[in-house]
1. Taking region 284-313 as the search range and keeping residues that are at positive phi and in a loop (DSSP other than H, G, I, E, B), which one is surrounded by the most Cβ atoms within 10 Å (Cβ to Cβ)?
2. Conditions: (1) part of a strand (DSSP E or B); (2) surrounded by 20 or more Cβ atoms within 10 Å (Cβ to Cβ). Residue 340 meets all but one. Number of the miss?
3. Among (1) closer than 18 Å to residue 209 by Cβ; (2) not in a strand (DSSP E or B), there is one condition residue 247 misses while meeting the rest; what is its number?
4. Considering every residue within region 230-250, establish whether at least one is touching a Gly at 6+ places or on another chain (Cβ under 8 Å) and exposed (fewer than 15 other Cβ atoms within 10 Å of the Cβ).
5. Every residue in region 248-302 that is free of Cβ contacts under 8 Å to residues at least 60 places away in the same chain, closer than 15 Å to residue 235 by Cα and of a type in the set (A, V, I, L, M, F, W, C), please.
6. Restrict the check to region 212-228 and report whether at least one residue is basic (Lys, Arg), out of contact with any Leu (no Cβ under 7 Å at 6 or more places or on another chain) and either in the same structural domain as residue 350 (by TED's automatic domain parsing) or part of a loop (DSSP other than H, G, I, E, B) (or both).
7. Mind listing just one residue for me: the one in region 177-188 that is modelled with pLDDT under 95 and touching a strand residue (DSSP E or B) at 6+ places or on another chain (Cβ under 8 Å) and, of those, nearest to residue 101 (Cα to Cα)?
8. Would you be able to say whether some residue in region 293-303 is out of contact with any Cys (no Cβ under 8 Å at 6 or more places or on another chain) and of a type in the set (Asp, Glu)?
Amino acid sequence: MPPIRALLVEDSATVRARLREVLEAAGGFEVVGEAGDGAAAVERCRALRPNLITMDMMLPVMSGLAAVEYLMAHLPTPILIVSSSTNRGELFKTYEALAAGAVDVLEKPRGDESDHAWEERFVAAARMVARIPVITHPRGRLATGIGGPGAVHADGAAGSAGGAAGSAGGAPETRVVAIGASTGGPGAVLEILRGLPADFRPPLLLVLHIGEPFGAAFADWLDAQTPRRVRYAREGEPLVEAAGAVVMAPPGRHLVARDGRLRLTQEPERHSCRPSIDVLFESLAREHGPACVACLLTGMGRDGAAGLLAVRRAGGVTIAQDEATSVVYGMPREAAEIGAAREVLPLPLIAGRIAALCRPRSPRPVSRAGEVS
């Protein structure tokens, strides 16, 4: 197998040397170039056509965000952000880069040569990111096929695992919507939130895999990007108080629904994740059953698949993002393969489908004899 051709973009020569040293020691990588600013990164990418770019955010001449936006529009390449940015403004730029197409983010090395855990995370992230088949215009890719057993398009009927929950004719009103996402999630979540109608009222609970310190201000960033109120969950708050808002699991805490309230826990990780999508979805299956809509978006691994199946078995409506519009078709694939997804949809259709499922139902007409027609 040919080595992964890496371009290192970082204004600190010391950090660049560390990144090169770690990749070369790991094997399977060839560092084909380096750049100290965003403009040079664009030119070296055009000349070298690497399989992977590590990108700092705070760069001279052209910022890391501007470089990501240009590269993903004109020279799409898998990008791993390697950043030490922790203040609010710099974190916002990191989120914008992820929404623009950068695949993942990792903190910079601390300069502690004994930090082998960071080296392992860096190498694993670099290998994973390099495998992602990035695209220039993800919103233009609409799938024509279905991803798994029992799954149907939005205008179809549910397969064997889900019954007819969410269809007209006696199904309960939707009381809560839940979304889970991982790699590629920031852009996908943003597109869905922007696509929901202004009068959308059910609480929308969100779990996104984004590690500390990068998750600290993500809810604030989403809040600034959409007209919908977005915030982190508060321990013990009544779910009804979240009506019309997006409530997000904070970094390092599971979000669950229990007895009409939202709870935050530090129970063990699920699939190496805390918060875990499975934990939220399973709690909603128990608490709200057929009155729940759950949606699993792009991401690496299998967190969320079992929880989506629990919601479907409880009578809720379950949606998985399709392969063509997923940055990483990992979690949605797992859900489709076990029959957890009642519907498998391209990203541009998901907001409209959620809105349709949550539209208040008109009462059925009553005849003069008092019988429902």
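The values are calculated or read from the model by the stated rules, or taken from the named source; none is laboratory data. It should be emphasised that the depicted structure is a prediction, and the values quoted were computed from it without experimental measurement. Please note: Cβ atoms are built from the backbone with ideal geometry, for glycine as well, and neighbour counts cover all protein chains shown.
1. Checking each candidate, the answer is 304.
2. (1)
3. The one condition residue 247 does not meet is (2).
4. Quick first cut of region 230-250, residues touching a Gly at 6+ places or on another chain (Cβ under 8 Å) only: 238-240, 250.
Narrowing the set further to residues that are exposed (fewer than 15 other Cβ atoms within 10 Å of the Cβ) leaves 238, 240.
Looking through region 230-250, at least one residue is touching a Gly at 6+ places or on another chain (Cβ under 8 Å) and exposed (fewer than 15 other Cβ atoms within 10 Å of the Cβ).
5. Correct list: 248, 249, 255, 256, 262, 264.
6. Taking region 212-228 and keeping what is basic (Lys, Arg), we get 228.
Okay, now just the ones that are also out of contact with any Leu (no Cβ under 7 Å at 6 or more places or on another chain), so none.
No, that holds for no residue.
7. Looking only at region 177-188, we keep the residues that are modelled with pLDDT under 95, and these are 182-188.
If we keep only those that are touching a strand residue (DSSP E or B) at 6+ places or on another chain (Cβ under 8 Å) too, we end up with 182-186, 188.
Details: 182: 13, 183: 10, 184: 8, 185: 10, 186: 9, 188: 10 Å.
Looking at residues that are modelled with pLDDT under 95 and touching a strand residue (DSSP E or B) at 6+ places or on another chain (Cβ under 8 Å), I get 184.
8. Within region 293-303 (the criterion being out of contact with any Cys (no Cβ under 8 Å at 6 or more places or on another chain) and of a type in the set (Asp, Glu)), the answer is no, since none of the residues qualifies.
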